[in-house]
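Remarks on the structure that follows.
The values are calculated or read from the model by the stated rules, or taken from the named source; none is laboratory data. Treat the numbers as computed from the prediction; the structure is a model and nothing was measured. Positions of Cβ are backbone-derived with ideal geometry, glycine not excepted, and every protein chain shown enters the neighbour counts.
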Amino acid sequence: MDMMLTIPNTLSKQSDGFLIKNPTKTTNVYTFTEEAKAADELKLSQQDQIAELKAFLKDYDMTSISTDELKVVGRRLYESGVIDTNAFGIFISGDGGFDAQGRQANTHVKYNALALFDEQLEDYLSFVKSNPNVGRSQGVPEYIQGMLDANRAINALAYFVNSSRDDLSVDEYV
């Protein structure tokens, strides 16, 4: 039998998710405009890999996606070697909201992941710039690189999701 014990005067682990300032933002410095570059970012070189990704992505919209869905997308990218553990951590963290017990909260709520990842990176880089000692702390450069990789990956995915082409093939002769 599980028993819940309430200890008075303990701190809550609750944290609101990241507040996206511009939820309609769909482009940033990581936006891809060429299929070949988006495919390169996702390390896709064979037509069957691209077709597989297209089939996988048909149910996802990077501008309206939940943390639960980002976990699935992130796992797929991580297991296929497209992103490393640092970028995977950004995907599975979603908007960063937690309940009082420290569990991820509102993981079903949809938001614009392009804007989320971009604004989180901008805010963190601004924080590190205003606190130079933080930038030299252990793990911070790797975390920043993970944020950069997650931004590039989500934008490459968005390119393929929004592509008007059915096959998502990369034309090497253009």
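Would you tally the residues in the range 72-91 being on the phi > 0 side of the Ramachandran plot and in contact with a helix residue (DSSP H, G or I) (Cβ under 8 Å, 6 or more places away or on another chain)? Let's see the steps before the verdict.
Start the filter on the range 72-91 by keeping residues that are on the phi > 0 side of the Ramachandran plot, which leaves 81.
Checking the rest, the ones that are also in contact with a helix residue (DSSP H, G or I) (Cβ under 8 Å, 6 or more places away or on another chain) come to none.
Total meeting the criteria: 0.
What number of residues in the range 29-55 are over 20 Å from MET147 (Cα atoms) and under 16 Å from the mean Cα position of the chain (by Cα)? Spell out the reasoning first.
Taking the range 29-55 and keeping what is over 20 Å from MET147 (Cα atoms), we get 33-36, 44-55.
Still in the list and also under 16 Å from the mean Cα position of the chain (by Cα): none.
Summing the residues that are over 20 Å from MET147 (Cα atoms) and under 16 Å from the mean Cα position of the chain (by Cα) in the range 29-55 gives 0.
For the range 1-115, please list each of the helices (runs of 4 or more DSSP H) lying entirely inside it that holds at least 1 residues being crowded, with 18+ Cβ neighbours inside 10 Å and at pLDDT 95 or above. Can you show your working first?
Values: elements: 35-41, 47-57, 67-79, 85-93.
Counting at least 1 such residues, we get 67-79, 85-93.
Going by the structure shown, is GLU119 within 25 Å of ASP16 (Cβ to Cβ), acidic (Asp, Glu) and touching a residue at least 24 places away in the same chain (Cβ under 8 Å)?
Yes: the conditions hold for GLU119.
Residues being free of Cβ contacts under 8 Å to residues at least 40 places away in the same chain, among the hydroxyl-bearing types (Ser, Thr, Tyr) and under 18 Å from SER15 (Cα atoms): count how many of those fall in the range 78-108.
Number satisfying all stated conditions: 1.
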